[in-house]
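The values are calculated or read from the model by the stated rules, or taken from the named source; none is laboratory data. Small disclaimer: the values here were computed from a predicted structure and weren't measured. Note: ideal-geometry Cβ built from the backbone for every residue, glycine included; neighbour counts use all protein chains shown.
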Amino acid sequence: MNKLIATLIAGLFATAATAQVSTTVPATKAVVKAEASAEKDIVKAESKEMKVVTKADEKVSKAVAKANETKAKAHANAVETHAEAAEKIAKADPEDRAKAMAKAEVKIADAQLKADKKMIKADEKLLKTQVEAAADKATAAAKTEQVRAEATADVHKAAAKH
């Protein structure tokens, strides 16, 4: 579905770019040829941009899923450790209960720290992936704009020859 939308948007931009270019210069044979070439180049650049955007979005989606999975596992491990500690406290003799509670608190705190570190690391990786994806998208958009500008310049150059 995303590819279909991307293709439709690319076609819309190509049509808009062609319409914009053709209204500013007289329609001679050289200009028409330059416009056709410009349209082809622009569509190709927009297609490449859409591929980069799609790929970047897929990377981010995978990174989000992986981060969520890592966080869920870390949380589950912390909960399991908490449950084990509570079980040891319940099994402890009444006179040893205070000592068991102290040990359990330390064990729970360590488990929570470990889980927090894993969650932070997962968020860090996710943010890094999101930043890289945004950079890839911006670079692709800049390249498309460069092609669009060069194509328009070529059309104007062809129009200036006559």
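Worth pointing out:
- Taking the criterion of being in contact (Cβ under 8 Å) with a residue 24 or more places away in the chain and basic (Lys, Arg), the residues of the stretch 122-162 that qualify are 125, 137, 143, 148, 157, 161.
- Unique match (being at pLDDT 95 or above, of a type outside the set (Gly, Ala, Ser) and either more than 30 Å from residue 154 (Cβ to Cβ) or touching a Lys or Arg at 6+ places or on another chain (Cβ under 7 Å) (or both)) among 93, 136, 116: 116
- Conditions (1) among the charged types (D, E, K, R); (2) surrounded by 14 or more Cβ atoms within 10 Å (Cβ to Cβ); (3) over 26 Å from residue 52 (Cα atoms): number failed by residue 136: (3)
- The sole residue among 42, 5 that is out of contact with any Leu (no Cβ under 9 Å at 6 or more places or on another chain), under 21 Å from residue 136 (Cα atoms) and modelled with pLDDT under 90 is 5.
- The lone criterion from (1) exposed (fewer than 15 other Cβ atoms within 10 Å of the Cβ); (2) outside any loop (DSSP other than H, G, I, E, B) left unmet by residue 93 is number (2).
- Residue, surrounded by the fewest Cβ atoms within 10 Å (Cβ to Cβ), within the stretch 28-39, restricted to residues that are of a type in the set (A, V, I, L, M, F, W, C) and farther than 26 Å from residue 136 by Cα: 36
- Residue list for the stretch 52-78, restricted to those being surrounded by 14 or more Cβ atoms within 10 Å (Cβ to Cβ) and free of Cβ contacts under 8 Å to residues at least 40 places away in the same chain: 77, 78
- Any hit, the stretch 128-140, residues being touching an Asp or Glu at 6+ places or on another chain (Cβ under 6 Å) and part of a helix (DSSP H, G or I): yes
- Per-region count, the stretch 112-133, residues closer than 30 Å to residue 48 by Cα and polar (S, T, N, Q): 2
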